[in-house]
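FYI, it's all coordinate maths here, none of it is from the lab. Just so it is clear, the structure is predicted and the values come from calculations on it, not from any experiment. Every residue, glycine as well, gets a Cβ built from its backbone with ideal geometry; the counts of neighbours run over all protein chains shown.
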Amino acid sequence: MFRTFGSLAVLAATLAIATAAFAGGRVDIHPGVVPSKLTARQSFDVPFTMQYPNGTPVKNAKPVVIARCGTVTVESAAKAGTVAGTYVAHVTLPNQGAWAFEIDSKICGNKCALAPANVMAANVAPAKSR
């Protein structure tokens, strides 16, 4: 009797963990390389992968990359890449400054902070002399 109950308890726990993982539980976010030199008003890519703890790629997610500088926040939706679990967000920052970055998986609050970056001012053409 205890052996059967114990087996059922283990099976139930295993199913609960698997269901939680695939129903929006914890996901692991692995950021790719972000360019080191960023310029305001010039877009750049933020690549990353997402997978469940068991290694299964996260498919059909709607993650975003959030960039903040002072009171300015820029949110860029990521699109799925060609390989399951890969995503890329095209980000354009409006101004120079010290920007903080974060990937939000939009799955149960799973987020990943990226290294901050100093964004340079966009090149402005010099005024023509008359």
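Overview of values
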read-out: Whichever residue in the stretch 64-83 is among the small types (Gly, Ala, Ser) and assigned to a loop (DSSP other than H, G, I, E, B) and, among such residues, is nearest to residue 119 (Cα to Cα); value: 70
read-out: Complete set of residues in the stretch 84-114 that are assigned to a strand (DSSP E or B) and over 18 Å from residue 44 (Cα atoms); value: 111, 112
read-out: Total residues in the stretch 57-105, condition polar (S, T, N, Q) and surrounded by fewer than 16 Cβ atoms within 10 Å (Cβ to Cβ); value: 6
